[in-house]
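Read through the structure below, which is laid out as structure tokens, and then see the notes.
The values are calculated or read from the model by the stated rules, or taken from the named source; none is laboratory data. Predicted, not measured: the structure shown is a model, and the values here were computed from it. Note: ideal-geometry Cβ built from the backbone for every residue, glycine included; neighbour counts use all protein chains shown.
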Amino acid sequence: MSGYRMKRAARLALAPSVALLIVGMIVPLATTLWLSFRYYNLMNPALGGFAGLSNYEFFLTDPAFAQAIVNTILLVGGVLAITVAGGILLGLLFDQPMWGRGMARLLVIAPFFVMPTVSALVWKNMLMHPGYGIFAWVAMKLGLSPVEWLSNHPLLSIILIVAWQWLPFATLIFLTALQSLDHEQQEAARMDGAGPLDRLVYIILPHLGRAITVVILMETIFILAIFAEIFVTTSGGPGYASTNLPYLIYVQALMQFDVGAASAGAIIAVVLANIVAIFAIRLAGRNLTA
Amino acid sequence: MRSLRPTLFKAAMTFLGWAVALLLFFPILWTVLTSFKSEVEAIAFPPAFWPSGWTLENYFEVQERSEYFGHFLNSVALSLGSTVIGMLIAIPAAWSMAFQPAASTRHVLMWMLSTKMMPAVGALVPVFLIFKSAGLLDTLPGITLIVLVGNLPIMVWMLYTYFKEIPADILEACRMDGATVWKELVHVLLPMSLPGVASTMLLNIILAWNEAFWTLSLTAVKAAPLSAFIASYSSPQGLFWAKLSAASTLAIVPILIIGWISQKQLVRGLTFGAVK
Amino acid sequence: MGSIKLDGLKKAFGSQTVIPDANLEIADGEFVVFVGPSGCGKSTLLRLIAGLEEPTDGRILIDGRDVTHAAPARRKLAMVFQSYALYPHMSVYQNIAFPLKMAGEKADVIRVRVQEVATSLDLLPYLERRPRALSGGQRQRVAIGRAIIRQPAGFLFDEPLSNLDAALRVSMRTEISELHRRLRSTMIYVTHDQVEAMTMADRIAVMNAGRIEQFDTPLELYRRPANMFVAGFIGSPKMNFIEGARAREYDARTIGIRPEAIDWSIDSGKWRGRVERVEHLGAETVVHLSLDTADILTFRTPLDERLVAGRTIHVSPREDSIYRFDGEGRAIPGPKRNP
């Protein structure tokens, strides 16, 4: 086959993927953008026409929006803090020699494979339930009164659930990165008189730098979009205490049927995610040529 | 004495490691154990750790009350369907970009990645409206299609990085040896990247099985896979913890096994090849 | 069957021209080596001949047939790669059989041919092994087996010995020469190692910056280098180049003297210099001498204890072995003028 025909075949092979992504992602996104400037309510089809920025105004001035933004940031920040710090510690721990290490690792990464709805329900009912949950029992054993997790600390509860799901991801990545650490370099550092703490600070953590960046970016992307965990535990409540941006948009669109406002919210969420994505894509792009 | 210190260290690490591992695994273990308890035992307080009866009753009741098996099959169809169709679309794309790169290849890859970064909620409204008017709401083809689109970038990327690892020399040798593009794909490329192809499929099965944004918003009864069906247990009335546990156990065990098998490749897939 | 002609061949990657204009005629059955420093374009030239790269301009003819745009497999050429490029998931048997299988040959014909080839390369005991279970030399032979099974019009070798250790390299060198003697087919061999080039080639193309500087037999290249690049590249240690008054004496911008064409003495000679460094290699000694100007002169001589660093000695180049070069570095032909 000549070079030219080969190239044409290659373009042809790429076409279905590109077409599917355009139809499935770009077209809806463009439509969302368009809808965000329209009056469009499924309950009130008579209302229509160009809305200018009023959907954005409506969404941005909604007190729920400010709270949802704060909650979204707290959720992302809280989960990141727990999983990055915990992940590094667990990565270091499971990089040490121990009996049954492979098996223990399997147990540690297991939570990542549990579907979000299941983990949220298990935590909500069997662990955090103030009457019958394990946490209540532990509190009682310690002589404390049980905590009403989901009603009194809804956002913290969700942070804990999501952190439990993502801690394995961080651990797994840090472990993988640690295993690629050059052992001769470690030995050289020991010859140079570096103690365990020096090696951690000057060799291991810098080596993990890239992995830490990856974990932060990837988790941010997924946690910005957390939905199912809120849906099945608190439904965003009490009030808006545990509503994040995706959940607010969902409520706006599929429960209050205000398509225009929901679209404006969605565009705001996309912009927010894109700020993170730009960094993530740069990172992956650097990897592309490596 | 000199040989004792490493052993003591190892013993300490073993203790610490297993303590942490069991703590993190406890919610899953607890779910599995509870699924074999009676409803009364499930909400006993103080909790009964070990089931006294080891009953399978919950598993039967979950099926009887709610057509559990139907939802299970929906999950299977959704995961396998989106994976197989996805691979058929993604393999040619990854082949094209890995071995016949054009000036635009880099941009196409970046663009694909960026669609994955876009929050699904950004597409929710139009997709919901289109699905509604096209009669795709609560249908298997509909949910399969949207999950497929969501995971396609990851599939293409993963395959691309695996294909890229095949030395250019080998493919050139193949051309010198007179292989056509098709024979090259069948005799050399796919056999050599078999581990990569397999782990791409496994990762996609995991992601599709656990998908819970689109399934919750676009399916209700008929086409609901387990991820959406389980959510119906969140209703406050009645505490059917044993049955919830049975339904949950069945929902997570298959994927847990697949996840354990593919843990290494998973890192790679979820970081778009940035960490190997 | 297997003459190769390059006619005004040009290759550019984007705006960067790698090979400006290559012209070469290789006779049937000839063993030709492309040699040059890394990045000189020798591998690119080989890949153009193989059909793995499309030329920007010019023509490639094999046995008079224009194959410039033909697919690699249609050129009846086989290639042995630097990395061997064996198929890791196939056994040795399947690797060697692969080209015939692609050509749609019948299974029993393939079996007979593989047996023949494996026998000639001492690979019979390893036919069921995977490449990763073989030593470097064995992998190399599998790669050669995969090349010869098609009975191609010509063989292309891309630095095939550079991944082997020194001892193995010498024995594989002999094996490849032996193979050429037996098959009598055209071979083009790319290397940066001038010893490989000198010992194996019928003719050598010395390349530099994408150009073929000289194409000639090994001895001619040594005796009559066309320019300073070839003169400096062929021979080890490198030829000494001297400019200035000493060169003008010979009516040249630069003169070249090979290290083996210099005689020395303690008390008398043409030039005087100080011994800077002495390398004892056993059979011979390499001496680096600084002349009273900035010039450094390297020469080789039998072992002599009087040669110690810091000592002043005299040297004389053999007048009949002085090469003369003009301002562009081209060799000036004709008899060397004695002062």
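Residue selection: residue A:146 satisfies the criterion of being over 26 Å from residue B:258 (Cβ atoms) and within 11 Å of chain B (Cβ to nearest Cβ). The set of residues in segment A:81-117 that are free of Cβ contacts under 8 Å to residues at least 60 places away in the same chain, in a helix (DSSP H, G or I) and of a type outside the set (D, E, K, R) comprises A:81, A:85, A:89, A:93, A:102, A:103, A:104, A:106, A:107, A:110, A:111, A:113.
The set of residues in segment B:264-276 that are at pLDDT 70 or above and farther than 16 Å from residue A:180 by Cβ comprises B:266, B:269, B:270. When residue B:62 is tested against (1) within 26 Å of the chain's Cα centre (by Cα); (2) within 24 Å of residue A:14 (Cβ to Cβ); (3) of a type in the set (Val, Ile, Thr), exactly one condition is not met: (2). Remark: residue C:300 matches the filter, which requires a residue to be crowded, with 18+ Cβ neighbours inside 10 Å and among the charged types (D, E, K, R). Return yes when residue C:128 is among the charged types (D, E, K, R) and within 14 Å of chain B (Cβ to nearest Cβ) and no when it is not. Judged against the criteria, residue C:128 is not a match.
Return the residue satisfying two criteria in turn: it lies in segment C:229-245 and is among the small types (Gly, Ala, Ser) and assigned to a helix (DSSP H, G or I), and of such residues it is surrounded by the most Cβ atoms within 10 Å (Cβ to Cβ).
The qualifying residue surrounded by the most Cβ atoms within 10 Å (Cβ to Cβ) is C:231.
For segment C:112-132, how many residues meet the condition of being part of a helix (DSSP H, G or I) and not polar (S, T, N, Q)? Matching residues across segment C:112-132 total 11. Filter segment C:110-158 down to the residues that are of a type in the set (Asp, Glu) and at pLDDT 90 or above and list them by number. Result: C:116, C:128, C:158.
With respect to residue B:190, is the statement that it is within 12 Å of chain A (Cβ to nearest Cβ), of a type outside the set (S, T, N, Q) and assigned to a helix (DSSP H, G or I) true? No, not satisfied. Taking the numbered list (1) farther than 23 Å from residue C:261 by Cα; (2) part of a helix (DSSP H, G or I); (3) not acidic (Asp, Glu) in turn, residue C:205 passes all entries but (2).
So which of A:218, A:255 is among the hydrophobic types (A, V, I, L, M, F, W, C) and either more than 25 Å from residue B:207 (Cβ to Cβ) or free of Cβ contacts under 8 Å to residues at least 12 places away in the same chain (or both)? Only one candidate qualifies: A:255. Is it true that residue C:65 is surrounded by fewer than 17 Cβ atoms within 10 Å (Cβ to Cβ), touching a Gly at 6+ places or on another chain (Cβ under 8 Å), over 17 Å from residue C:210 (Cβ atoms) and away from chain B (no Cβ under 14 Å)? So residue C:65 does not fit the description; no.
Helices (runs of 4 or more DSSP H) fully within segment B:34-103 that include at least 3 residues being more than 10 Å from chain A (Cβ to nearest Cβ) and modelled with pLDDT of 85 or more: B:68-99. So, in segment C:1-58, exactly how many residues are in contact with a Gly (Cβ under 9 Å, 6 or more places away or on another chain) and of a type in the set (S, T, N, Q)? Looking only at that region, the number is 4. A Cβ distance below 8 Å, combined with a sequence gap of six or more or placement on separate chains, defines the contacts here; from segment B:118-133, residues that are aromatic (Phe, Trp, Tyr) reach residues that are surrounded by fewer than 21 Cβ atoms within 10 Å (Cβ to Cβ) in the pairs B:128/A:254; B:128/B:137; B:131/B:137; B:131/B:142. Listed by position, the strands (runs of 3 or more DSSP E) contained in segment C:18-94 that have at least 3 residues being of a type outside the set (A, V, I, L, M) are C:57-62. Summed over segment B:193-231, residues that are surrounded by 21 or more Cβ atoms within 10 Å (Cβ to Cβ) and in a loop (DSSP other than H, G, I, E, B) total 8. Which residues, counting only those in segment A:161-209, are within 11 Å of chain B (Cβ to nearest Cβ), β-branched (Val, Ile, Thr) and without any contact (Cβ under 8 Å) to a residue 60 or more places away in the chain? Across segment A:161-209, the qualifying residue is only A:176. Here residue B:15 meets each of (1) among the aromatic types (Phe, Trp, Tyr); (2) within 12 Å of chain A (Cβ to nearest Cβ); (3) exposed (fewer than 13 other Cβ atoms within 10 Å of the Cβ); (4) under 21 Å from residue A:121 (Cα atoms) with one exception, condition (4).
Of the residues making up segment B:227-240, at least one is hydrophobic (A, V, I, L, M, F, W, C), at pLDDT below 90 and more than 24 Å from the chain's Cα centre (by Cα). Taken over segment C:12-40, the criterion of being more than 19 Å from residue C:78 (Cβ to Cβ) and buried (at least 23 other Cβ atoms within 10 Å of the Cβ) is satisfied by C:19, C:22, C:35, C:36, C:40. Being touching a helix residue (DSSP H, G or I) at 6+ places or on another chain (Cβ under 9 Å) and within 7 Å of another protein chain (Cβ to nearest Cβ): is that true of residue A:263 here? Criteria met by residue A:263.
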